[in-house]
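Asker: Just dropping this structure here.
The values are calculated or read from the model by the stated rules, or taken from the named source; none is laboratory data. These numbers come from a predicted model, not from an experiment. Glycine gets a Cβ as well: all are built from the backbone with ideal geometry, and neighbour counts include every protein chain shown. Heads up: the accessible areas ignore ligands, DNA and RNA and are worked out on the full protein's heavy atoms, side chains in. Shrake-Rupley method; radii C 1.70, N 1.55, O 1.52, S 1.80 Å.
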Amino acid sequence: GQLPTWLQGILLRNGPGMHTIGDTKYNHWFDGLALLHSFTFKNGEVYYRRKYLRSDTYNCNIEANRIVVSEFGTMAYPDPCKNIFAKAFSYLSHTIPEFTDNCLINIMKTGDDFYATSETNFIRKINPQTLETLEKVDYSKYVAVNVATAHPHYDSAGNTLNMGTSIVDKGKTKYILFKIPPSVPEKEKKKSCFKHLEVVCSIPSRSLLHPSYYHSFGITENYIIFIEQPFKLDIVKMATAYIRGVNWASCLAFHKDDKTWFHFVDKKTKKEVSTKFYTDAMVLFHHINAYEEDGHIIFDVIAYADNSLYNMFYLKSLSKDFEENNKLTSVPTCKRFVVPLQYDKDAEVGSNLVTIPSTATAVKEKDGSIYCQPEILCEGLELPRINYDYNGKKYKYVFATKVQWSPVPTKVAKFNVQTKEMLHWEEDHCWPSEPIFVPSPDAKEEDDGIVLTCVVMTNPKEAPFLLVLDAKTFKELGRATVNVEMHLDLHGMFIPEKDLKTETE
């Protein structure tokens, strides 16, 4: 096929790449050592490159030829032949664990720099052109967080916004929203942007010892949306996990009888909206988009009825009969919540406060809290992406992978949230990754551009490829086949040529 002539830049993606080190094996697919790979588009040609992230974790494991750094689903233990004192000390030192810097989930941009990210307090700077691993940044040196999301947001001023959970700060467990500026003042040229990191606000956790797990958050023009779900981390269990010989993942539990709470923070006042909004128990990983309309906040998320998704990716489940044996007990559902921020304070108890056309409801309860029920947009979408120029604004299109009852995607989809129409690309025995939308330079409409996805074949003897689709019609424009065993990755970003520093800089 043909690539559009304007497509110049790098598609950079991240995911777990190595699951066996020496005689040791990770328990979980999400624990594997980070493998970066990139497709560089230059004058109608595509160049492929990949490299393991040379994290401290990677270096320690490779040097020891065994897993020596714990990951979320795999606890690593010291060499059994070490003496008893060294062993006892290492047990004690794990109460607040030193987390891994195996940043395997996503890529984040801060100013002119790019970082590999996961959900710990560490991120690793990388060179997007050579995939070299550069310095390690510890968020906790600049803001009191122990974990942070791998899905930041970017505002029109170029700031990076992210959220993290603070567990150790004087027994007050809270969620912290922070902002990293794109550059530093002239006179401080040597300093990093992180030195100027600013805490936007903090939201106290409803439970001191059971903070909510979250993978992403939402943003509109004036608000930050944080969902406190009843999928929670047990801090006491986590502190004793090492001693008890279990992994940290076993310290996460879904409380199906609890509520899911919605928090809205006003960006200008940095204060949380005081009304209590909630819905039924659900588990979510990915926010799609959010916007404001006539005094309401509308936000779209992909939600599950339970937490079975994580458990499916234990490597013991990923056997040769994976597709037959692994059926999701809860299918991902694209839910739209409509939350009335401005409503008639004298409205009757039991009345629906949503005043814009929608089947979503927000019902006033006796205690003044508001119970929200979503509109179901569709089922079976995961790894959603949008045209990011429409982030926080009213929008039409979601680009995503389509999963049936199995967690492995078999199609790429384009879904219109307004008309509910869906277009697909699929081919037999293909497993596509998260689709990334790249707008064309003269775009007039939301879907003017292309969609990029990496496709892995079920048969390892068949070569994987990069697929380029026309975002409007969803027809294939071209594909670039790569003769390597490509890994299934998680997330990534497209970096236009203008955002890449030239080597001399």
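Asker: Report, by chain and number, residues whose modeled amide H sits under 5 Å from the one on Ile105, excluding near sequence neighbours (fewer than 5 apart, same chain).
Answerer: Thr117, Ser118
Asker: Under a 5 Å amide H to amide H cut-off, with H placed in plane at 1.01 Å, what residues pair with Tyr314 once short-range neighbours are removed?
Answerer: Trp29
Asker: Over the heavy atoms of Glu365, what accessible area does a 1.4 Å probe trace out, to the nearest 10 Å²?
Answerer: 60
Asker: Mind running the shape call on region 228-341? Use the C-alpha gyration tensor, a ≥ b ≥ c as the square roots of the eigenvalues: rounded below 1.5 for a/c, prolate if a/b tops b/c, oblate otherwise.
Answerer: oblate
Asker: Next question, about the same structure. Using a 1.4 angstrom probe, figure out how much accessible area the chain has per residue, in square angstrom, rounded to the nearest whole.
Answerer: 45
Asker: Now, a different point. Where the only charges are on Cβ atoms (+1 Lys, Arg; -1 Asp, Glu), what is the dipole of region 290-428 about its Cα centre, to the nearest 20 debye?
Answerer: 220
Asker: On a full-extension model of 0.36 nm per residue, what is the gain between Ser330 and Asp155, subtracting their alpha-carbon distance, rounded to one decimal in nm?
Answerer: Value of the extension gain: 59.6 nm.
Asker: At what distance in nm do the modelled label points of Lys394 and Glu186 sit from each other, each positioned 7 Å from its Cα along Cα→Cβ?
Answerer: Between Lys394 and Glu186, the label points sit 4.3 nm apart.
Asker: Specify which residue in the list Ile298, Leu315, Phe254 is farthest towards the positive end of the charge dipole of region 217-320, using unit charges on the beta carbon of Lys, Arg (+1) and Asp, Glu (-1), about the Cα centre.
Answerer: My answer, from the dipole projection, is Leu315.
Asker: Measure out, as a whole number of angstrom, how far apart the alpha-carbon centroids of region 212-250 and region 174-198 sit.
Answerer: Region 212-250 and region 174-198 have Cα centres separated by 25 Å.
Asker: What does the charge count near Lys25 come to, summing +1 for each Lys or Arg and -1 for each Asp or Glu among other residues with Cβ under 14 Å from its Cβ?
Answerer: Charge balance in the 14 Å sphere: -1.
Asker: Additional query: Return the subset of Lys141/Lys267; Lys51/Lys267; Lys109/Lys271; Lys42/Lys414; Lys190/Lys268 for which the Cα-Cα distance in this structure is over 32 Å, preserving the input order.
Answerer: Long pairs (Cα-Cα over 32 Å): Lys51/Lys267.
Asker: Positive end of the charge dipole of the chain (Lys, Arg +1 and Asp, Glu -1 on Cβ, about the Cα centre): tell me which of Val482, Thr269, Val331 has its Cα farthest that way.
Answerer: Thr269
Asker: Can you tell me the order of 49-56, 104-111, 353-360 when each peptide is scored by its average per-residue count of other Cβ atoms within 10 angstrom, highest first?
Answerer: Going by the mean number of other Cβ atoms within 10 Å, highest first, we get 104-111, 49-56, 353-360.
Asker: Quote the FRET efficiency, to the nearest 0.05, computed for Thr240 versus Ser207 with a Förster distance R0 of 22 Å and r equal to the Cβ-Cβ distance.
Answerer: It comes to 0.80.
Asker: Okay, moving on. What does the highest-first list of 135-145, 226-236 look like by mean Cβ count within 10 Å?
Answerer: Result, highest mean first: 226-236, 135-145.
Asker: I need the phi-derived Karplus couplings for region 478-495: 6.51 cos²θ - 1.76 cosθ + 1.60, θ = phi - 60°, integer Hz, Gly and Pro marked x.
Answerer: For region 478-495, the Karplus curve yields x, 9, 10, 7, 10, 8, 9, 7, 7, 8, 6, 9, 10, 9, x, 8, 9, 10 Hz.
Asker: Here's a follow-up. Using the Cβ atoms and a cut-off under 13 Å, what net charge is assigned to the surroundings of Lys270, where Lys and Arg are +1 and Asp and Glu are -1?
Answerer: Overall, the nearby charge balance is +1.
Asker: Starting from the Kirkwood Rh over alpha-carbon pairs, what translational D in µm² s⁻¹ does region 9-499 have by Stokes-Einstein at 4 °C and 1.567 mPa s?
Answerer: Reported coefficient: 55 µm²/s.
Asker: Where the centre of each part is set by its Cα atoms, how far does region 1-42 sit from region 439-479, in angstrom?
Answerer: Computed from Cα coordinates, the inter-centre distance equals 17 Å.
Asker: At Lys271 and Glu45, where each label point lies 7 Å from the Cα along Cα→Cβ, what is the point-to-point distance in nanometres?
Answerer: Between Lys271 and Glu45, the simple spin-label model gives 6.1 nm.
Asker: Also, I was wondering about something else. State whether region 142-276 is rounded, prolate or oblate according to the following rule on the C-alpha gyration tensor (a ≥ b ≥ c being the square roots of its eigenvalues): a/c under 1.5 gives rounded; otherwise a/b larger than b/c gives prolate, and the remaining case gives oblate.
Answerer: oblate
Asker: Also, I was wondering about something else. Assign one of three labels to region 105-213, namely rounded, prolate or oblate, based on the Cα gyration tensor with a ≥ b ≥ c the square roots of its eigenvalues; rounded applies when a/c is under 1.5, prolate when it is not and a/b is larger than b/c, and oblate otherwise.
Answerer: It comes out prolate by the Cα gyration axes.
Asker: Whose amide H sits under 5 Å from the amide H of Val354, counting only residues 5 or more places off or on another chain, with H placed in the peptide plane?
Answerer: Ala362
Asker: Using the Kirkwood radius over C-alpha pairs as Rh, can you work out the diffusion coefficient of region 170-249 via Stokes-Einstein at 37 °C, viscosity 0.692 mPa s, in µm² per second?
Answerer: Estimated diffusion coefficient is 212 µm²/s.
Asker: Ignoring ligands, DNA and RNA, please state the percent of accessible area on region 9-499 from carbon and sulfur, probe 1.4 Å.
Answerer: Here carbon and sulfur together make up 52 percent of the probe-accessible area.
Asker: So how much slack lies between Val200 and Asp428, counting 0.36 nm per residue of separation and subtracting their Cα-Cα distance, in nm?
Answerer: Extending this stretch completely gives an extra 77.3 nm.
Asker: Now for a different question. Quote the charge dipole size of the chain about the Cα centre in Debye, to the nearest 20; the model charges only the Cβ of Lys and Arg (+1) and of Asp and Glu (-1).
Answerer: Here the size comes out at about 1220 debye.
Asker: On to the next question. How large is ³J(HN,Hα), in whole Hz, for each residue of region 108-114 in order, when computed from phi with the Karplus curve 6.51 cos²θ - 1.76 cosθ + 1.60 and θ = phi - 60°, using x for Gly and Pro?
Answerer: Once θ is set to phi - 60°, the couplings for region 108-114 become 10, 9, 9, x, 9, 9, 10 Hz.
Asker: Any idea how far apart Thr20 and Gln418 come out in nm if each label point goes 7 Å out from Cα toward Cβ?
Answerer: 5.2
Asker: Sticking with this one: Given the rule -39500 (n - 2.57) for each run of at least 4 DSSP H residues, summed and divided by the residues of the chain, what is its mean residue ellipticity at 222 nm, to the nearest 500 deg cm²/dmol?
Answerer: The helix-only estimate for the chain comes to -2000 deg cm²/dmol at 222 nm.
Asker: Excluding Thr100 itself, calculate the net charge of residues whose Cβ lies under 14 Å from the Cβ of Thr100, where each Lys or Arg counts +1 and each Asp or Glu counts -1.
Answerer: -4
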